[in-house]
Amino acid sequence: MKLLLMVFCVLFTINSLSAQHNNMGGDMPAEGIISGYVYEKESGHPIEYANIVIYSLRDSSIVTGGITDKNGYFNIDQIRYGKFFVEIVFIGYGKHTIPQISIKPDNKNINLGKIYMVINAEILSEVSIEAEVNQVEYKLDRKVINVNQDIMSSGATAVEALENVPSITTDIDGNVSLRGTESFLVLVDGRPYPIQGSEALQQIPASTIESIEIITNPSAKYDSDGVGGIINVNLKKDKRQGYNGQISANYGTFNTFGVDALFNLRTEKINFFIGGNYSDRKFKGDGQSLRESYFADDSTYFLNTYSSNYRNFKSGSFRLGLDYYINDKEIITFSGKYGLRGHAMGSETWAGSYYDYSGIYDDFYYYWTRNNMSANRGYFSGDLNYMKKFNKDGHELQVYGSFAEDFDNEENIYDEIESDYMRDSVGDILSKYRTIEKGSGNTITGKIDYVLPIFTKGKIEAGYQIKYSLNDNDYRYQTLISEIWTDDSTRVNPYLFSMNIQSGYLLFANFLNKFGYQVGLRTEYTDRLFHQTISDQKWEYNKFDFFPSVHISYQLPADMQLLASYSRRLERPRDWYLDPFVEVVDPNNIRQGNPNLTPEYTNSYDLSLQKKFGPNFVSLEAYLRQTNSKISRITVINPDNPGIFIMTFDNIGEDISIGSELMTNLNLAKWYNLNISGTGYYYELISSNYNSGTTFSWRARLNNTFRLKKSGTSIQIGANYNGPQISAQGKDFGFFMGNVGVKQDLLDRKLSLSINVRNAFFTMKHESVQETESFYLYSIRQPKMPIVSFSVTYKLNDFKTRKEKGLEQKEDYGEDDGI
């Protein structure tokens, strides 16, 4: 009901604005059409999202306008008779002005032909292009985060760059959620990445990123994986002639450090790029938990823990690629990535347990546990892409293939030492064991995409993809026998997991007056097999699925646009979600998968409206997301040992989210930008076997950016609040966080120095409660201190530092031109 009311209000506003707009020209017939194409002059590439604004020649008032599509094409109709001038504007290019156009009964259709925007080669000392680009921009179907504008992400990763974005939340472990779910698809430069989810974003240095795109309702062209949508990371790659590059380094709290480099060489036929990075990131924190287990005889088991923990992430990667321009219609791209990453984690935990037998406390036991985990992971991937553009603009064929391989070796060692209630050790090691898990996998992907323009502004898109993956995994539990690590033969678990997904899609898009629409359908066939090799048990899953998508746009006056969309997506269970073998996580927790899990399916609806006021804008989005067969992690008591919890997975039921997101971006002065955003949503969980409930949650963000151009100094002060959220068995509490960043540009902006303080007020935390009829669990974890980092970046040969502004270009399309 709240969503319907919001939609009604938005539509009422649109109707009022449209009525005002339609009355501006009196009774003059609205039969005129202005069309054309916009290209970059240097490369000849079409420019998407260029703004076309039509002004009255009489009083310079805005009459109407539009934007270019992916082919650089625009077509603006329903223009009344009269005389006008046109401005074509796109950030980084000079304003292109057409000073006079006359529309009359014998000259209704004005075709401006090909318009070329000029890139400026000047470096302007008094003005920075970065000041003219908003940190968050809204495109037709996505949000675009311009990472260069986020001072506080300097020396950090893609995770920190997403912290100030509507729709995104992050936690103290670097996990990313997109509108409340950690299920999303990660692409890099529009292509699949060897690793997925939050782990992928944690590996990509922010200094190597040009922009990040958030697509909450992808079309049927994209893979259906990820109920939250798609996060596409666009890496820096300068395509101007000559060579250029960038080198960055950072150092921070707990001796965290990192370095990365990018180099680019462009000739007439070849664009070659190469990059690499290495980082060593450390985090330290404290935690506490209180656990109560309830039994049928009215007795209660208590377990209290206090822990000090650390995490150490090491990663290094190397990438290179080559764009070969066969001619102006054909391009072949070769690219490859290789990466290694290590993850070490450890904790020292003091635990005290006892029983309450109807008011009599007994069986007190105190102990220390030491846990040290180390994991080494790596990946390799190679890609080949062929693009063919035909003579007709927008007529394209693309063929893509990739191969990816990865490995994962993990070791966990646990010690248990008896203690007293004062937390002093009183004996030798009581027990010692370790778990070893080794895995490897490979994925082969092949796809073909075809685009055929039809009618005046319509197109048909079709494609086919095959994706096959195979993973093998081996888990072993070992104890020390005569100082030799020896397998427990009852706790050995090798398995194979394979998945073959074949998919095809068909899209149709067109524009009718100010109304644009795109409808699509994707079908996928999934063939999944989980095979425990020792027991020879197999669990198969085969199914055809259909994923429709609809996108609708309505062009209001030049500074407003309404967008609506729908898509259906899914989340497939990962291999360890399905594994029924009991694996030890730590002395108090074990994990057991559910081989009968089915995918969860989400129907997602979006409605958005954006209003621009010169360099300022306000954006309002409303969304509804309904999920069936929701997959959730569940905790239950081990019936054989009440001190141990079993973590498993289940399809718990249905959930519904109805919410809205509001962002206001205000350039209140040439030196001051204020960005405020907020999200509020209603959440309902419907389950027959677990807790059902409703809640209203909200998040708010505030960013102040000060740019002192003469001194080259930029300051960013921000604050985030994440509200509480419910889960299948409890809730997560909210928290507040403040950040500060300062950036100093030197040597004509070739050299940049930054210092950032995250969690400045030491308020970031993860606090949660789980509660059922059989147990209660409260836990809290916090970092030990704020995170301070220093970073330095040096740009070679003006890498991405040019103010792409040319002289105004003017052309006449007057009464005598006969166009």
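The values are calculated or read from the model by the stated rules, or taken from the named source; none is laboratory data. Keep in mind that what you see is a predicted model, and the values were worked out from it rather than measured. Here the Cβ is made from the backbone with ideal geometry for all residues, glycine too, and neighbour counts use every protein chain on show. Only protein heavy atoms, including side chains, enter the accessible area calculation; ligands, DNA and RNA are left aside. Shrake-Rupley method; radii C 1.70, N 1.55, O 1.52, S 1.80 Å.
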ILE631 vs. criteria among the aliphatic types (A, V, I, L, M) and more than 23 Å from THR694 (Cα to Cα): no
From the options THR181, THR169, residue that is touching an Asp or Glu at 6+ places or on another chain (Cβ under 9 Å), under 28 Å from ILE755 (Cβ atoms) and polar (S, T, N, Q): THR169
Filtered residues of region 714-730 (kept if in a loop (DSSP other than H, G, I, E, B) and of a type in the set (Gly, Ala, Ser)): GLY723, SER727, ALA728
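In region 363-381, is there at least one residue being farther than 30 Å from THR435 by Cα, without any contact (Cβ under 8 Å) to a residue 40 or more places away in the chain and either open to solvent by 60 Å² or more (accessible area, probe 1.4 Å) or not basic (Lys, Arg) (or both)?
Just the residues of region 363-381 that are farther than 30 Å from THR435 by Cα, to begin with: none.
Within region 363-381, not a single residue is farther than 30 Å from THR435 by Cα, without any contact (Cβ under 8 Å) to a residue 40 or more places away in the chain and either open to solvent by 60 Å² or more (accessible area, probe 1.4 Å) or not basic (Lys, Arg) (or both).
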Test: residue in region 236-245 that is open to solvent by 30 Å² or more (accessible area, probe 1.4 Å) and among the polar types (S, T, N, Q): yes
Verdict on LEU506 being in contact with a strand residue (DSSP E or B) (Cβ under 7 Å, 6 or more places away or on another chain) and open to solvent by 30 Å² or more (accessible area, probe 1.4 Å): yes
Verdict on ARG491 being modelled with pLDDT under 95 and among the basic types (Lys, Arg): yes
Search result, residues across region 206-235 that are crowded, with 20+ Cβ neighbours inside 10 Å and over 14 Å from the mean Cα position of the chain (by Cα): SER207, THR208, SER219, ALA220, TYR222, ASP223, SER224
Selection from region 150-179 of residues that are over 14 Å from the mean Cα position of the chain (by Cα), surrounded by fewer than 24 Cβ atoms within 10 Å (Cβ to Cβ) and either of a type in the set (Val, Ile, Thr) or part of a helix (DSSP H, G or I) (or both): ILE172
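Could you list, in sequence order, all residues of region 577-608 that are assigned to a loop (DSSP other than H, G, I, E, B) and not aliphatic (A, V, I, L, M)?
ASP579, PRO580, PHE581, PRO587, ASN588, GLY593, ASN594, PRO595, ASN596, THR598, PRO599
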Pair list, Cβ < 7 Å and 6+ apart or interchain, from region 673-686 residues that are under 16 Å from LYS630 (Cβ atoms) and open to solvent by 20 Å² or more (accessible area, probe 1.4 Å) to residues that are small (Gly, Ala, Ser) and modelled with pLDDT under 90: TYR683/SER697; ILE686/SER692
Test: residue in region 476-496 that is surrounded by fewer than 14 Cβ atoms within 10 Å (Cβ to Cβ), touching a residue at least 24 places away in the same chain (Cβ under 8 Å) and under 30 Å from THR456 (Cβ atoms): no
Conditions (1) in a helix (DSSP H, G or I); (2) surrounded by 21 or more Cβ atoms within 10 Å (Cβ to Cβ); (3) more than 10 Å from the chain's Cα centre (by Cα): number failed by GLU199: (2)
Residue within region 755-774 that is touching a His at 6+ places or on another chain (Cβ under 9 Å), open to solvent by less than 50 Å² (accessible area, probe 1.4 Å) and assigned to a strand (DSSP E or B) present: no
Selected residue (only one of SER632, SER714, SER657, SER692 is in contact (Cβ under 8 Å) with a residue 12 or more places away in the chain, open to solvent by less than 20 Å² (accessible area, probe 1.4 Å) and within 24 Å of ARG569 (Cβ to Cβ)): SER657
Pick from region 497-519, criterion in contact with a Lys or Arg (Cβ under 7 Å, 6 or more places away or on another chain) and within 20 Å of GLY458 (Cα to Cα), ranking: modelled with the lowest pLDDT: PHE511
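Residues are listed down the side, and each one gets a yes or a no for (1) open to solvent by 40 Å² or more (accessible area, probe 1.4 Å); (2) among the charged types (D, E, K, R); (3) touching a His at 6+ places or on another chain (Cβ under 6 Å):
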{"site": "ALA249", "(1), (2), (3)": "no, no, no"}
{"site": "THR256", "(1), (2), (3)": "no, no, no"}
{"site": "ASP260", "(1), (2), (3)": "no, yes, no"}
{"site": "PHE283", "(1), (2), (3)": "yes, no, no"}
{"site": "LEU290", "(1), (2), (3)": "yes, no, no"}
{"site": "TYR294", "(1), (2), (3)": "yes, no, no"}
{"site": "SER307", "(1), (2), (3)": "no, no, no"}
